[in-house]
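To start, the structure under review is shown below, and the notes come after it.
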Amino acid sequence: MNVILLLAPFSVLLGLIAVAAFVWTLRAGQYEDMKGAAERVLLDEQDPLDPGPDETSRPLDPTTPPA
């Protein structure tokens, strides 16, 4: 019986903390663009710092003279 008197207020406090954290995330805008974030994972975007494959990144053929 004494354990219930200890755990009941603790569980109410834990629930209030969870609700406060949820309200905080709502005000911070965490749920603003759910569809965009889901589709952004599927896009194959090139890294802006990586120039990607082009003429300068091809391995040189030893039989051709340099241009």
Pair K35, L16: separation of 7 Å Cα→Cβ label points (nm): 3.9 nm
Residue-span extension gain [A28 to T63] - 0.36 nm each, minus C-alpha spacing: 6.5 nm
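Values quoted throughout were computed directly from the atomic coordinates according to the rules given, and no laboratory measurement underlies them. All figures in this text were calculated on a predicted structure; none of them were measured in a lab. Positions of Cβ are generated from backbone atoms using ideal geometry, with glycine treated the same way; all protein chains shown enter the neighbour counts.
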